[in-house]
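Visitor: Sharing a structure, written as structure tokens. Questions coming.
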Amino acid sequence: MDLYMMNCELLATCSALGYLEGDVYHREPDCLESVKDLIRYLRHEDETRDVRQQLGAAQILQNDLLPILVQHPQDKVLFDAVVRLMVNLTQPALLCFGKVPPDAASRHHFLQVLSYLQAYKEAFASEKVFGVLSEKLYDLLQLDWEQRQEEDTLLIERILLLVRNVLHVPPDPTEEQSVDGDASVHDRVLWALHISGMDDLLKFLASAQAEQQWALHVLEIISLMFRDQSPEELAALGQGQAAAEHREDTRELETLRQRELAERRARGLRRPSRHSRFGGSYVLQGLKAIGDRDVVFHKGLHNLKSYSHDLGKETRRVPRRRQAAPEAEPPRRSARNVRLFLRRFCQDFLEGCYNRLMLLVKDQLVREKAQQHDETYYLWATAFFMAFNRRRGFRPELVSETVGVRAFHFIEQNLTTYYEMALMDKKEAATWARRMHLALKAYQELLRTVQEMDRSPEQAVRDSSQVIKSNIFYLMEYRELFLALFRKFDETKQPRSFLRDLVETAHLFLRMLERFCRGRAGLVVQSKRVRRRKKPRAPAALAPQPPSAAELEELWAGLAPQLQACLQGEVPLPEDAVPFDAASETPVEEQRAEALLRIQGCLRDARAPQALRLLRSARDVWPEGDVFGPPDAGPPEETQLLREILFAPLPRHVPPEDEAPEEEEEEDEEEEEETVQVSEKEFNFLDYLKRFACAPVVRALVLLLRGYARNSPRTNHCAARLLHRLARDLRMEALLFQLSLFALFHRLLSDPAAGAHQELVALAKFVLGKFFALAATNKKAFVELLFWKSPAAVREMTEGYGSLREGEGAGRSRVPPWTPQEEQELRELYWKYKEVEGEDVIAAIVAHLPAPGRTRRQVVKQLVRLGLASSTKDFPRERKGTRLVLWTQEQEEELARLFEEFQGSEDVLGNIMKHLTARRSRARVVEKLLGLGLVSERKELYKKRRRKGHGPGPGVAGASAAPAQDSSAEDGDSEEEEEEDEAEEGPMEEHWVPEEGAGQGLAHHLHQEGLAGPLRWLENCLRRTAGDREEDGVSHPVPLVPLSEENEDAMEDRRFRALLRQLGLRPPASEQESFWRIPAALTPQQLRRAAASIAHRGPDPPGSPQELLEPPRCPRDPDPERPPAGLGSDSESEEPVPVPSAAQPGTKRRREPDSEDEDTGGSGAEPDPAAPRSQEDEDKDEDEDPQPLGRRKRVRRVEDEDEEED
């Protein structure tokens, strides 16, 4: 239905409601059906909320729905439908759109709906409307639970939701610009709610035993009622409020008067206006202009103070993401009659409802019966009503439900959750910051309440406060909370009001903690320390030792009576015993051995009935061969059969261990387990205060004091007191030597109204005096003003810049410094072992260094500092398994001779291995035979086996043996031999390196036979893999996936696969692999050399010296410590599919297309070399030690080895 038809139908539906004649509303006959139609239209509106906007523009609620509600409340069905429609129309705009739309068009619709809601709220500011709602709600609450129908319960909930929606509508700032004390729309709605008696019904719902289900609804409505109120102002109303307001107004007027007098005196010092404006030009000595000359000032001297280099410059626009978070609307002062009614409501609520309602709400929150984020209402109520009670004749029994260790724990838990979510959920960080602010205010009010309890005249109340403080100060979480909030404060996400409450709460906590420690010697608190240690590798699973014959005899002696009872029917047999596993991939016919193991397991576990039932069931499933006894077996035969099964040495299945390569076992990241060690220690307040002596805390305090003129005296006092603690109590005045703070001091001291901030002025004079005293001895103090400082920097600044190098101070390094004697010995050892071939220089130096022992990394870094090496990359750590011994000519001749000698034997490879002089692995020998062309396939080296028959073994164990092999046993032996060979060479062939020029002749023959396309594809795969490994630094076995028919046919060709073997590529290692792979051990140089060896160079004879050209190299050799990496790529039309290797399941792969290879096809274009790096860049990298993603695992292993060497 298009928009025009929708408008027509809406118009017809609204016209069918009725009409207003004077003050009387006349219903149409179809009024009820029209209301239901409007509800249905709202249910099917689009994302722009078009129906809602059209109904708001037509003022249906003001002109039709409210008159129907007021004048026809006796029609129950119509009243219920109208309330349903109004609840839908007045729901918040955020619920309609989900969030504030970011785009302009959607935001326009959002603001339009919001304007209609504000018009609805003004229409609800009527005593008649709330009077009808109150009467209806009162009648429904009078019904007992036996008489109350489901429709009545729904109507109660809808009335409460309607009141909630009306109170939730925000004020319109363009319409409500009245001063404090005038009645706003919200005030008029509250007054109508009060006159109708709705507030009394809310208090009844909060306190009634039978109305517990409305607890959260009532708390939400109450929080909206007091949205614009301050608990301190409400509590002080009627108790000398006029005098208090008069003093506050007098203080503000006095501040403004001082500013005005200062400006008047400044104007009096200026020259009169009739003075000539040509006052001359002046040179400002010491103030440089753009060049090297002094500034020339062309105005009068009375304007000299306003001169700045920034005059005439455009204001730099701050990006939106760096703008300060907007402040919440300040609380306004409502009309006096509204405040009086709200004060009375607070008193009644505290006396009769608060403790019970908060108990119900917390119970629903803990049991997760509430909606998401409903705990914010609980936090608001805690802060508001406890503040009101504290300022209104403090009575702790009225707020006992929210005073205690459990309340502290609940609020601290929510505060920590909001804090962590603000760090993780960046998009909604501002929303989490508002919730965190609510929790912080509740925490602050809890501390103030405990502080007020200390001043109580009742001894029991004071004792309770001591117990609470003992628990709070003992736990580490409460002490570390403020440090975490200070360090992660972000002014772009958290408003200035949050920082104000944070500073005030931290000041209160420190003062309470200091007083608590003052009268106690040896205060003990809890300390937690998180220790991370590597989990030891789990030992290999060992097969359980079978029981001895004596143990089996003893076991059978105990089983015999049970079996006799079962055979005689005295003990019932279980019915659910199944001898086979239906979900197993093994066919049922082949599960006889497992059935025997199950029967034996039941017997050895002393479960005779289960064993007998399994035996009989297995006889029914496998009757052939009488393995489980004959079909007519009697009790003696079954007893003898079970005895034989019990004593039979049946082979048990032990899962094989995965024999991974040695280097993979070393590079596997060892799991770390975190253990929290809880201990107790003696608490020192000054040591705890030193935790606040850091740059984030000082930066936050300076940010708050920038608005000292707008801050309250309480806020300025708390910030100044915290700075005073850091500077005076800890004797760290240099921590405040910062230019931004000094600029603030300059603005403060030149402020005419500085007399109202005497505490800040005293702090400024104290810090400036200490700075100039230090600047007289430390000429670098002025440069230090540019940087935020740590305690270590403060100590260096005050005691000397070499004080921390002598092993003193908290910021010292754990590595002991190198003495001149150690440096000289290091030089001698380096020159001694530098020229020794075949030996690791660093390992030799570390072995001969005296105590204290040095790690390999420390020695390498010190060699770089001494100038003996240019970079740490000059000393790569030798990886195990990479020392490859090349074949000599004599060894190749010996291998060829042995192959000719044993070529006709049954085990060719075995005989060669026995008589080979140099010890090499089977995989190396096989690869060399393939490389020399002596064999074309591995199958030629398989051991030739004779077909053997397998008869059943003795006893029952032989019954589970497999049947004799058929005529295909020879093929099975070949396949089994191939699997054994490939499994054996799996760990080794990653290290096989093709020789230079390998496969060149075979590639030439393949090119002449028409395989130029597959050869060009293979060449591009090798080159692309080499480029990716140089670029990424992560190594994987790269599958070669042929996507064209030509390449698939080539991969099936025997000689093409022989070429792949000569190049060092790996065939599929198991049934799970389908493609050949480029091993991870091949370096980019080796891959380019292999690609160059198969590149076509014309009709030159194969193997000529002209063909063995040097392959193109990258100008910068890859880092020897970086493991080779990369996925291969295909020719111009094909690319290999990046299949992750099974040996590295957690590695992610990033591929970037190489346009040159794709465009040029077989040109073998190489990626652009990386820009050469200077020595400073390498030193910087060495200091910062940045690691690519693929190297972190290995770097952690190297660091762990270094720590073990320490």
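The values are calculated or read from the model by the stated rules, or taken from the named source; none is laboratory data. Since we're looking at a predicted model, the values are computed, not measured. FYI the Cβ positions are ideal-geometry reconstructions off the backbone, even for glycines, and counts take in every protein chain you see. All accessible areas refer to the heavy atoms of the entire protein, side chains included, with ligands and DNA or RNA removed. Shrake-Rupley method; radii C 1.70, N 1.55, O 1.52, S 1.80 Å.
Visitor: How long are the semi-axes of the ellipsoid equivalent to the stretch 744-805, from square roots of 5 times the Cα gyration tensor eigenvalues, in whole Å, largest first?
Guide: Over the Cα atoms of the stretch 744-805, the semi-axes work out to 29, 11, 10 Å.
Visitor: If the chain between Leu650 and Leu359 were fully stretched, how many nm would it gain, using 0.36 nm times the residue separation less the Cα-Cα distance?
Guide: 98.2 nm
Visitor: What spacing in nm lies between the two simple spin-label points modelled at Ser400 and Lys426, each 7 Å away from Cα in the Cβ direction?
Guide: Simple spin-label model gives 5.0 nm for this pair.
Visitor: Using a Förster radius of 25 Å, what is the FRET efficiency between Lys99 and Glu45 based on their Cβ-Cβ separation? Nearest 0.05, please.
Guide: After rounding to 0.05, the efficiency reads 0.90.
Visitor: Can you check how the C-alpha radius of gyration of the stretch 423-476 compares to 2.2 N^0.38 Å, as a plain ratio?
Guide: My calculation over the Cα atoms of the stretch 423-476 gives 1.60.
Visitor: Also, I was wondering about something else. Amide H of Gly18: which non-local residues (sequence gap of 5 or more, or other chain) have their own amide H closer than 5 Å, using H built in the peptide plane?
Guide: Amide H neighbours of Gly18: Glu28.
Visitor: How high is the FRET efficiency between Glu368 and Gln640 when r is their beta carbon distance and R₀ equals 56 Å, given to the nearest 0.05?
Guide: 0.35
Visitor: Any chance you could run the full-extension gain for Leu261 through Ser679? It's 0.36 nm times the residue separation minus the Cα-Cα distance, nm to one decimal.
Guide: 144.3 nm
Visitor: Also: Quick query: amide H of Phe297 versus all other amide H atoms, modeled in the peptide plane; which residues come in under 5 Å with a sequence gap of 5 or more or a different chain?
Guide: Excluding prolines and chain starts, which carry no amide H, the hits are Tyr282, Val283, Leu284.
Visitor: Oh, and also: What are the equivalent ellipsoid semi-axes of the stretch 293-398, built from the alpha-carbon gyration tensor (square roots of five times its eigenvalues), in whole angstrom, biggest first?
Guide: Semi-axes (√(5λ), whole Å): 55, 22, 12.
Visitor: Taking 8 Å as the Cα distance limit and 6 or more residues as the minimum spacing, I'd like the relative contact order of the stretch 719-789 as a percentage.
Guide: Taking the mean separation of contacting Cα pairs over the length of the stretch 719-789, I get 40 percent.
Visitor: If you place +1 on the Cβ of every Lys and Arg, -1 on the Cβ of every Asp and Glu, and leave all else neutral, what size is the dipole of the stretch 613-653 about its Cα centre, to the nearest 20 Debye?
Guide: Dipole of the stretch 613-653, to the nearest 20 debye: 280 debye.
Visitor: I've got another one for you. Report the Cα centroid-to-centroid distance between the stretch 437-474 and the stretch 313-352 in angstrom, as an integer.
Guide: About 26 Å separates the Cα centre of the stretch 437-474 from the one of the stretch 313-352.
Visitor: With 29 Å as the limit, write out which pairs from Lys128/Lys203; Lys313/Lys779; Lys441/Lys488 have Cα-Cα distances beyond it, or answer none.
Guide: As for pairs spanning more than 29 Å Cα to Cα, those are Lys313/Lys779.
Visitor: Work out how much length Leu143 to Asp294 would gain on full extension: take 0.36 nm times their residue separation and subtract the Cα-Cα distance, in nm to one decimal.
Guide: Between Leu143 and Asp294, full extension yields an extra 45.4 nm.
Visitor: As a test question: what accessible area, to the nearest 10 Å², does Arg264 have when a 1.4 Å probe is rolled over all protein chains in place?
Guide: The value for Arg264 is about 130 Å².
Visitor: So if R0 is 56 Å, what FRET efficiency would Glu822 and Glu759 give, r being the distance between their Cβ atoms, rounded to the nearest 0.05?
Guide: Using R0 = 56 Å, I get an efficiency of 0.55.
Visitor: For the stretch 891-926, state which trypsin sites (Lys or Arg not before Pro) are in a DSSP loop and have at most 12 other beta carbons lying within 10 Å of their beta carbon.
Guide: Sites meeting the loop and neighbour criteria: Arg919.
Visitor: Enumerate the amide H contacts of Ser1035 below 5 Å, restricted to partners 5 or more residues apart or on another chain; note that Pro and chain-start residues carry no placed amide H.
Guide: Under 5 Å from the amide H of Ser1035: Gly1126.
Visitor: Continuing with the same structure: Distance in nm between label sites at Glu551 and Gln118, each 7 Å beyond Cα in the beta-carbon direction?
Guide: Going by the 7 Å Cα→Cβ label model, 8.5 nm.
Visitor: Per Stokes-Einstein, at 25 °C and 0.890 mPa s, what whole-number D in µm² s⁻¹ belongs to the stretch 700-783, with the Kirkwood radius over Cα pairs as the hydrodynamic radius?
Guide: 186
Visitor: Order of 357-366, 217-226, 1019-1028 by packing, highest average Cβ count within 10 Å first?
Guide: 1019-1028, 217-226, 357-366
Visitor: A follow-up question, please. According to a simple spin-label model (label point 7 Å from Cα along Cα-to-Cβ), what is the distance in nm between Ser126 and Arg877?
Guide: Each label point lies 7 Å from its Cα, and together they span 8.1 nm.
Visitor: For the stretch 410-520, count the residues as N, evaluate 2.2 N^0.38 Å, and divide the Cα radius of gyration by that value, please.
Guide: 1.15
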